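S.K.: Just passing along the structure, written as structure tokens.
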Amino acid sequence: MATDASLKTRESSILAEPTDNIFESLVIIGKRARQISSIQKEELNGKLAEFASTVDNLEEIFENREQIEISKFYERMPKPTTTATEEFLNDEVIFRRRDEDDAEGIKL
């Protein structure tokens, strides 16, 4: 991933530009961040499942360096919200508005 892991201050007008509504933009970014987070979690769980053992003893915990390195790699990755914001600002996120006809009787 080429996303910078550091936090950046963003202009609200820039975030609101694609949707003309800051709140709608934040909802889109939040939904994309949850998607990214669940993908990363599945990947991490899949990789760590290889190291699962039925017997826990203290020696195995300290000797398993590969598992520790995998965990550290995922900790160093940019946060899902940072990645989602970058994707949104680079027009890499596809979103659509629900039409009134699509609501099918749902009223707020």
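S.K.: For residues in the range 1-20 being within 30 Å of Gln67 (Cα to Cα) and of a type in the set (A, V, I, L, M, F, W, C), which is modelled with the lowest pLDDT?
M.R.: Met1
S.K.: Then there is this: Need at least 1 residues that are aromatic (Phe, Trp, Tyr), at pLDDT below 85 and loosely packed, with under 13 Cβ neighbours inside 10 Å per element, so show me which helices (runs of 4 or more DSSP H) inside the range 21-108 make the cut, counting only ones lying wholly within it. Lay out the reasoning, then the answer.
M.R.: Details: elements: 22-49, 58-63, 65-76, 80-89.
Correct list: 58-63.
The values are calculated or read from the model by the stated rules, or taken from the named source; none is laboratory data. As the structure is a prediction and not an experimental result, all values here were calculated from the model. In this analysis, Cβ positions are derived from the backbone assuming ideal geometry, glycine residues included, and neighbour counts consider all displayed protein chains.
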